[in-house]
Each structure stands twice: as structure tokens, then as C-alpha cells.
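So the structure is just underneath, and the comments pick up after that.
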Amino acid sequence: LKEDAVLAVVPYGEPPLIKGWIPYIGKALEFGKDAHKFLEEYKKKHGDIFTVLIAGKYMTFIMNPLMYPNIIKRGKQLDFHEFSNQVAPRTFGYPPVFSSKFPGMPDQIKRSFHLLQGDNLTPLSKSMMGNLLLVFKQDHLDKRQMEDSGEGGWRTDSMCEFCSKVMFEATFLTLYGKPASKRRHSSMETLREDFIEFDKKFPLLIARIPIWLLGRTKAIREKLINYFLPQRVSCWSNTSQFITRRVELFEQYNSLRDMDKAGTHHFAILWASVGNTIPATFWAMYHLVSHPEALEAVRQEIHSLLKLWGMDDFSDRDINLSREQLDQLLYLESAVNESLRHSSSSMNIRVAQEDFSLPLEAEQSVAVRKGDIITLYPRSMHMDPEIYDQPEMYRYDRFVQDGRQKTDFYKDGQRLKYYCMPFGSGATMCPGRYFAINEIKQFLFLLLLHFDLQLVEGQPKVTLDTSRAGLGILLPAKDVRFRYRLRAA
Ligand code: HEM
């Protein structure tokens, strides 16, 4: 079939429509293989706006980032929750919260998000640092243990697995708290393994493949949900305000079963809080370890600032940074943002709530009908050579200029309002974004301060697994081995 044959005739004012030749599925398979490549090809052919049939949905892609503000500011006409309210309950196994059965719940959920931000970030970050230290100290910072590992104190591990273990547990302890009489949960490793099994099937669930077709996934999901049943959670202490508030909120709704509370409230939030943070931490670490000059520059920044703050004696390895101090680690933050730019593939999906004409450029507008899906794919912007010089290259200092955070990036000579969007956009932008950036910075801070780090030689460059495109931070196609040993304090 020639490409033209699959382009449907569209009325004036509507974007070109690309349907593919498979009914319903449309272009889903090609899109799923490598969304970025797919969209770039169609952009070359059809320009900045086109509609694609993907798994039964007509999705209109807006490819020009200068047009993003026009979409993002129309939060009422172009809504995110209509989509998420269909997808999330099916994926995590709970009843939709936007329903007359649960009056007022969506608003209250939204209000609970402020407990991840602003002044509330201070106790969260403090607790996260304490938990990272706990995990690092007990598992990795013990001098005798490290020396026993032979090879001059060097230990070898798989990097993504290492990031996953540390971040999963430390984030879990920070948000959900610790068991009554111990500092760590004994079943954390089983929980993490089950989570990873579930996460592997996550893209299929999002693509509306029924869970009963996915082998053990349903049983694993039930096991994960059971971990959070109210009688269990109520025994944990040091729980974050965010989770405590949501427990109280769900208690107000008698029509929610215990399983629903566990599923809605905890399991979905667990996924939101570690599903992207773990691969994001991996990429931040991988890029630094595979670029020794970047690693040294960031380490240098850490040491200079510690000296400035009179904190350069860290022989007990118990150093803790305040939120304000973390904010001053400019190069570290730039390194994190650069790896997010590289690895993020989140799609911003909005559903039109009415028929309207969407103005996009000076003279151009596009006809939108109620129910249409408008999609932004910021990865195309992150990889645009006009905005980011040599976008494939990792530059740890890309987001620093003249000793400050760099915020001016340009397209067609115009300054972009949005230039780095791993966390979505507008009113539904990820509420955990500040916490996420902070925890990745805290992880890297401890890592660079306490360890020498090297990649094991002879391994190929790690590439992105593009099969999860559209769903957040991409995983590595393959894990990579690295070595670490304690640095002299
Ligand atoms: C939503 C990305 C970490 C909690 C989202 C969205 C994205 C995203 C793209 C959808 C926003 C939209 O479409 O407008 C990320 C990335 C993270 C991260 C890349 C880590 C690097 C976290 C953390 C938490 C969290 C640590 C919680 C502690 C949430 C919640 C939502 C969300 C609750 C749903 C918001 C809503 O329904 O309005 N995140 N996130 N995220 N994220 Fe994150």
C-alpha cells in the first residue's frame, strides 16, 4: 500500500489523518516500536499537526513546541483526567474515582498533592536522606564488608538493579513508613521483585490488553495490593503526611472496599512514585559514571559547597543536606535534568471536552471535536537539534549558564516557554516532581561523596528500550556492570 492510500480525506481545517491498513490497530505497532522515529517521519511528511489511529484512538499530535502553550493553557477544554480515569483504574485494579459514587473525591485527591510540595517538601526530603543513608550504610557503606569483598575493596554490581534496590526501599520507607518494631521491612525484596514483574506488563495493560491474558500478572497485582491492606498499613510508623492524609480521605468513603483503598491509594501511588524514578536514577548515574569528566566536575561542586558550609568532615559518613543546600547543587541538578531530557518519553494526552477551534499559530487553527485526543510528545522537542545542540550527546552542564540555571532555549528564533517536560504539563503536571528531582540528587550526592565508581570495561554503550515509549522514563535495553569502592573520608 502506498502511504497516500492510508491518508484519509479530511475536511478543511482538520489535520491529515494517518490510519494505517489494519482496522482498529492502525499504526499502533509501528508507534510502539519507536515512537520518536515514527513521529519524526510523519512530521517530515505532514508538518507540525497530524492525526494517527493508534489502537482504536484517533490521536492528534502537535509537534511544534512553540504551539505547546496554546494546548497547555486550555486545561478545561482539553482535560487529562478523562483519559487517566479510564486507564489507571483498569491498570491498577480499582473503581474510577471520577464517579457519582465518590462525590468530592477527585478534588480532595488533588488537594493532597500539595503535601509533596512547597514547605511540605522539607520533611519529606529530610526523611528521604535519612532513609537513603540507612540503606547505604547497612548494605554498602560498611568498611569491613567492602574490604571483605576482595579485589582491593572494589565490589561489582548491575547498575539498574543497584539503583532499583536503593531507591525502591528508601522511597517506600519515606512515603509509607517503617514497620512497628524495625527500621526496615523484611519483605521489601519480594515486594520489589513483584513490582518489577507487574511493571514489565504495565505497557500491555495501558494498551488495554485484558489482564487475564497476561499470565501471572493478575495474581501478582493482587499480591501487591494485599501488601497495602488497611490493617497492615495502620501498623507502620513514620508515614509521610501525604500518605496519612490519603488514608484519612479514603476512610470517609464507606463504599470503598479495603481492596480498593489498597489499590487506589497505595499501589497506584507506589507505581507513580518509583516507576519513573528508578529508571531516571539509573540514567543519571550511568551518564555520570560513563563520563568521568562530568562525574569529577559534579563531585568537585559537592566538595566545594561542603567546604563552604563547614561540612567537610564526614568521617562518620552520616552527612545530611537540607533542602536549601540541595537547591544550591546547580551542576548536579543540571546533570539530572540532562539525563531526564535524554531518557524521558512521556506523552501528554488531553481529551477535548467540547467542539472548538484551537488556535495554534498566527493564522492557523485546527478544528477539534468533543472526544478528540490531543497529544504532545515532548521527546521530539528534547531531541530537536535546533533547540539542543547535538541532542544525542550527554552534556552534564547543559542547563547551567553564567553560574545559574539556564532557562532560555529557542526554536525558530523564539524563546520557548516549555523546553524540558519529563513531568507533563499544566494543571496535571506530576505533583511529585520536586520530590523526585531531590531524591535523585540525594542519591547521587551520597554516591559521589562516598564511592569511587567505574564501569566494568568492554561493555557496549547502554541504549534506551523504546518499547515503553509514551509512558514515562525509558528503561535501559540491557543492564550494565559497574564497580564501586569506598573513598577515603
Ligand atoms: C503524574 C512523571 C515521580 C506522583 C505524572 C505524569 C508524568 C509524571 C509525566 C503525568 C502528568 C501529565 O500528563 O500531565 C514523573 C517522573 C518522575 C515522577 C518522570 C520521576 C523522575 C513521581 C513521584 C511521585 C509522583 C516521586 C510521588 C511521590 C505522581 C502522581 C501523578 C503523577 C500522583 C498523577 C497526577 C494527577 O493525577 O493529576 N508523573 N513522575 N511522581 N505523578 Fe509523577
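The values are calculated or read from the model by the stated rules, or taken from the named source; none is laboratory data. Since the structure is predicted, the reported quantities are computational estimates derived from the model, not experimental observations. Glycine gets a Cβ as well: all are built from the backbone with ideal geometry, and neighbour counts include every protein chain shown. We work out accessible area using only protein heavy atoms, side chains counted, and drop any ligands, DNA or RNA first. Shrake-Rupley method; radii C 1.70, N 1.55, O 1.52, S 1.80 Å.
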Matching residues, the stretch 426-471, being aromatic (Phe, Trp, Tyr), open to solvent by less than 50 Å² (accessible area, probe 1.4 Å) and within 12 Å of the ligand (Cβ to nearest atom):
Phe435, Phe443
I'd like to check something: does the stretch 368-382 contain any residue that is within 16 Å of the ligand (Cβ to nearest atom) and in a loop (DSSP other than H, G, I, E, B)?
yes
So the helices (runs of 4 or more DSSP H) completely within the stretch 248-360 holding 2 or more residues that are modelled with pLDDT of 90 or more and either farther than 30 Å from Arg468 by Cα or away from the ligand (no atom under 16 Å from the Cβ) (or both) are 277-290, 292-308, 323-327, 330-343
Okay, helices (runs of 4 or more DSSP H) sitting entirely in the stretch 11-76 with 2 or more residues that are modelled with pLDDT of 85 or more and at positive phi, I get none
Over the stretch 399-425, the set of residues loosely packed, with under 11 Cβ neighbours inside 10 Å and not in a loop (DSSP other than H, G, I, E, B) is Arg404, Gln414
Among the residues of the stretch 472-489, count how many are of a type in the set (Lys, Arg) and either assigned to a strand (DSSP E or B) or open to solvent by less than 50 Å² (accessible area, probe 1.4 Å) (or both).
3
Has the stretch 301-312 got at least one residue that is free of Cβ contacts under 8 Å to residues at least 12 places away in the same chain and on the phi > 0 side of the Ramachandran plot?
yes
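Per-residue answers, yes or no, for (1) out of contact with any His (no Cβ under 9 Å at 6 or more places or on another chain); (2) modelled with pLDDT of 85 or more; (3) open to solvent by less than 80 Å² (accessible area, probe 1.4 Å):
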| site | (1), (2), (3) |
| --- | --- |
| Phe113 | yes, yes, yes |
| Asn120 | no, yes, yes |
| Ser127 | yes, yes, yes |
| Gly130 | yes, yes, yes |
| Leu133 | yes, yes, yes |
| Phe136 | no, yes, yes |
| His140 | no, no, yes |
| Glu147 | yes, no, no |
| Gly150 | yes, no, yes |
Starting from residues that are touching a residue at least 24 places away in the same chain (Cβ under 8 Å) and of a type in the set (Asp, Glu), keep the ones in the stretch 235-284 and report whichever is least open to solvent (accessible area, probe 1.4 Å).
Asp260
If you check Tyr396 against the conditions, is it open to solvent by less than 20 Å² (accessible area, probe 1.4 Å), closer than 25 Å to Leu295 by Cα and in a loop (DSSP other than H, G, I, E, B)?
no
Exactly one of His303, His287, His291, His382 is under 26 Å from Leu141 (Cα atoms) and either of a type in the set (Lys, Arg) or crowded, with 20+ Cβ neighbours inside 10 Å (or both), and that one is His287
Residues of the stretch 66-106 satisfying the condition of being over 24 Å from Ala268 (Cα atoms), surrounded by fewer than 17 Cβ atoms within 10 Å (Cβ to Cβ) and either among the hydroxyl-bearing types (Ser, Thr, Tyr) or touching a helix residue (DSSP H, G or I) at 6+ places or on another chain (Cβ under 8 Å) (or both):
Lys73
